[in-house]
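Working notes, structure below.
The values are calculated or read from the model by the stated rules, or taken from the named source; none is laboratory data. Note that the coordinates shown come from a computational prediction; the quantities given were computed from them, not determined experimentally. Every residue, glycine as well, gets a Cβ built from its backbone with ideal geometry; the counts of neighbours run over all protein chains shown.
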Amino acid sequence: MLARREHSGEELKTKLCAKGYPQKVAGEVVAALAREGLVSDDRFAEALLDVRKARGYGPLRIRHELEQRGVSAELIDHWLDPADSGWIEQIRRIREKKFGRQQPSDFAERARQARFLQQRGYTHDQIRRALSTDDAD
């Protein structure tokens, strides 16, 4: 399993249990792999963040996915900073790729674009700034 991609310790434990290994054995194996440096939640969080960010997903969606896979809140906070200015540049690129350069002309179009960006996992502030006509942001 580790040859294909990084896994969190919790995710690997779950997969081993699903294959029929007892919970205790799966926990011991994952702990041994972590001691050897073959399983690392830190590496997993970094890799998942890079992949999801490259696909255009926002910090809320990435945070949720990391939580679902058993990564600790402290580690998520270390790797994921929603206040980073890079998110604003990314959300503007995503909006422009999907809807074009023209800003929404009416409320309905603005709401449609905001829903799309919200589903991608961006914060309300990031969405507001992406849909803003003010270039000072």
Tally, over the range 43-58, of residues that are aliphatic (A, V, I, L, M) and without any contact (Cβ under 8 Å) to a residue 12 or more places away in the chain = 2
So which residues in the range 1-29 are within 21 Å of Gln68 (Cα to Cα), surrounded by fewer than 11 Cβ atoms within 10 Å (Cβ to Cβ) and of a type in the set (Gly, Ala, Ser), if there are any at all?
-> Ala18
Six or more apart or on different chains, Cβ under 7 Å: which pairs go from a residue in the range 67-86 that's under 16 Å from Glu6 (Cα atoms) to one that's in a loop (DSSP other than H, G, I, E, B) and at pLDDT 90 or above? Could you list them?
-> Arg69/Ser8; Gly70/Ser8; Val71/Ser8
Condition met for Arg95 (in a helix (DSSP H, G or I) and in contact (Cβ under 8 Å) with a residue 40 or more places away in the chain) | no
List the helices (runs of 4 or more DSSP H) that sit entirely inside the range 1-83 and contain at least 1 residues that are out of contact with any His (no Cβ under 9 Å at 6 or more places or on another chain), over 29 Å from Gln118 (Cβ atoms) and modelled with pLDDT under 95.
-> 9-18, 23-35, 41-54
Would you mind stating whether Arg101 is part of a loop (DSSP other than H, G, I, E, B), assigned by TED's automatic domain parsing to the domain that holds His124 and over 14 Å from Tyr122 (Cβ atoms)?
-> yes
